[in-house]
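Heads up, the thing below is written out as structure tokens.
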Amino acid sequence: MKLAAIAERRSEHPLGEAIVRKAKEKGIEVPGAGSFLALPGKGIKAKHGERQILFGNRRLMEEDSIGITRIEDRIRRYLCSREFTASEKI
């Protein structure tokens, strides 16, 4: 959550603002990223120290050659193993 909040700190997107707010509520220090780039319709890229942070959708990950198939498979298996109510947090 800390890296997501660092990356989203300068974001104007409601989801990014919610991530930063929740991190602060949990007492997580959220320093500013060294660089920040909003990519409309895709997500964001940020740099914190030597770490490059990408936070966004499938298209952004594919453009940066980040394989997400294994992660998608894990999420799919998890979701298929449960029944959720509309109010349940995933």
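What percentage of all Cα-Cα pairs in region 1-42 are separated by more than 12 Å?
Details: 456 of 861 pairs.
Summing the P(r) of region 1-42 above 12 Å gives 53 percent of all pairs.
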Filter the GluC sites (Glu not before Pro) in region 1-79 down to the DSSP loop ones having no more than 14 other Cβ atoms within 10 Å, then list what survives.
-> E12, E29, E50
Amide H proximity to L39 below 5 Å, modelled H, separation 5+ or other chain, gives I44, K45
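Please list, by residue number, every one of the trypsin sites (Lys or Arg not before Pro) in the chain that is coil in DSSP and has at most 12 other beta-carbon atoms within 10 Å. Before the final figure, lay out the partial values.
Details: sites: K2, R9, R10, R21, K22, K24, K26, K42, K45, K47, R51, R58, R59, R70, R74, R76, R77, R82, K89; in loops: R9, R10, K26, K42, R82, K89.
The qualifying sites are K26, R82, K89.
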Any idea how many Lys pairs in the chain come in under 14 angstrom at the alpha carbon, given 8 or more places apart or on separate chains?
-> 4
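Where a number appears in this text, it was derived from the coordinates with a stated rule and is not lab data. These figures come from a predicted structure and were not determined experimentally. Reconstructed Cβ throughout: ideal geometry from the backbone, glycine too, with neighbour counts over all protein chains shown.
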